[in-house]
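Colleague: If you scroll down you'll find the structure; I have some questions about it.
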Amino acid sequence: MATLRDTQKRMTRMALLEQGLELFMEKGYSATTIDDIAVGAGATRATFYLHFSSKAELVRSLVARTDEMLTSTDKPPLTEVVASGERAMIREFLARKFDQWPDIKPYITATHQAAAVEPDIQATIDQWFDDSIDSMRAGLDSSDRFDEKSRRIRCSLAFGELEFFSRRWMRHGWIVERDVALETMTDSWCHLLCDDGAPSA
């Protein structure tokens, strides 16, 4: 059973994360100091260091939170969606990702700001992408579709489309109609990931 102290620690950590995210969006990652974050969260610099060793570590926690936000609604999970080879499941998965973009936009924006000056943050992003691609690859492996040598590149291309388009949306909004984008990306994912490159019902 959690004690009051444990609850307070979790609340302080969350306050630091939320304040860090808010300041990164207002001032930018580089211009935001640890003191800014601590004071904004009603804490001290020493308290900050009890929870995070650096601004970069705080951003890594934001990446973990983003992943949790994205994957917690994935029922079935991405591996099963890919394994199914079913257009309807793929379309539903992509539609859910499109709907999540407004919620994750601040997290993604702050993370990429940090990655521009913190090489280990870029490494964290790369690992995050690799883990997603591995999940997709596991789906093709379990269904035994396509030549084994082509499976990872197929998954990399499909995930890369989603990542690129999400970043474009975060900068410019819907430059094409949402439903057109969804249907087109669903077609592309089916071509890359489904049997014989053709969408299945």
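Colleague: Using the Kirkwood radius built from alpha carbon pairs, what does the Stokes-Einstein equation give as D for the range 109-201 at 37 °C and 0.692 mPa s, in µm² per second?
Modeller: My calculation gives 222 µm²/s for D.
Colleague: Sort Trp128, Trp189 so that the residue with the fewest other Cβ atoms within 10 Å of its own Cβ comes first and the one with the most comes last.
Modeller: Going from sparsest to densest Cβ surroundings: Trp128, Trp189.
Colleague: Could you tell me how many degrees, from 0 to 90 and to the nearest 10, lie between the Cα long axis of helix 55-71 and the main elongation axis, the longest principal axis, of the Cα atoms of the chain?
Modeller: Between the helix axis and the principal axis of the chain, the angle is about 40 degrees.
Colleague: Additional query: Given 20 °C and 1.002 mPa s, compute D for the range 34-142 with the Stokes-Einstein relation, Rh being the Kirkwood radius over Cα pairs; round to the nearest whole µm²/s.
Modeller: The Stokes-Einstein estimate is 136 µm²/s.
Colleague: Calculate how steeply helix 119-143 sits against the longest principal axis of the alpha-carbon atoms of the chain, using the helix alpha-carbon long axis, and give the answer as 0 to 90 degrees to the nearest 10.
Modeller: Long axis of 119-143 versus the principal axis of the chain: about 30 degrees.
Colleague: Of the listed pairs Lys55/Lys105; Lys27/Lys105; Lys75/Lys97; Lys55/Lys75; Lys27/Lys97, which have alpha-carbon separations greater than 21 Å here?
Modeller: Lys55/Lys75; Lys27/Lys97
Colleague: Over the range 12-88, what portion of Cα pair distances is larger than 19 Å, expressed as a whole percent?
Modeller: 45 percent
Colleague: While we're here: Which of Ser150, Ser72 has the fewest other C-beta atoms within 10 Å, and how do the rest follow up to the most?
Modeller: Ser72, Ser150
Colleague: Rounded to whole Hz and in sequence order, give me ³J(HN,Hα) for the range 104-115 from the Karplus expression 6.51 cos²θ - 1.76 cosθ + 1.60, θ = phi - 60°, writing x for Gly and Pro.
Modeller: Once θ is set to phi - 60°, the couplings for the range 104-115 become 8, 3, x, 5, 5, 4, 5, 5, 6, 4, 5, 5 Hz.
Colleague: Relative to 2.2 N^0.38 Å, what does the C-alpha radius of gyration of the range 4-52 come to as a ratio? Two decimals please.
Modeller: 1.09
Colleague: Take every Cα-Cα pair in the range 115-167 and report what % of them are more than 12 Å apart.
Modeller: 67 percent
Colleague: Taking only Cα atoms, what is the 0 to 90° angle, nearest 10, from helix 178-193's long axis to the longest principal axis of the chain?
Modeller: 70 degrees
Colleague: Give, to the nearest whole percent, the P(r) tail of the chain beyond 20 angstrom, counting all Cα pairs.
Modeller: So the portion of pairs separated by more than 20 Å is 61 percent.
Colleague: Using the Cα centre of the chain as the reference point, and only Cβ charges (+1 on K/R, -1 on D/E), how large is the resulting charge dipole? Debye, rounded to the nearest 20.
Modeller: It comes to approximately 600 debye.
Since every read-out is calculated from the coordinates, none of them should be taken as a lab result. Only a predicted model underlies this, so the values are computations on that prediction, with no experimental measurement involved. Using ideal geometry, Cβ is built from the backbone for each residue, glycine included, and neighbour counts are taken over all protein chains shown.
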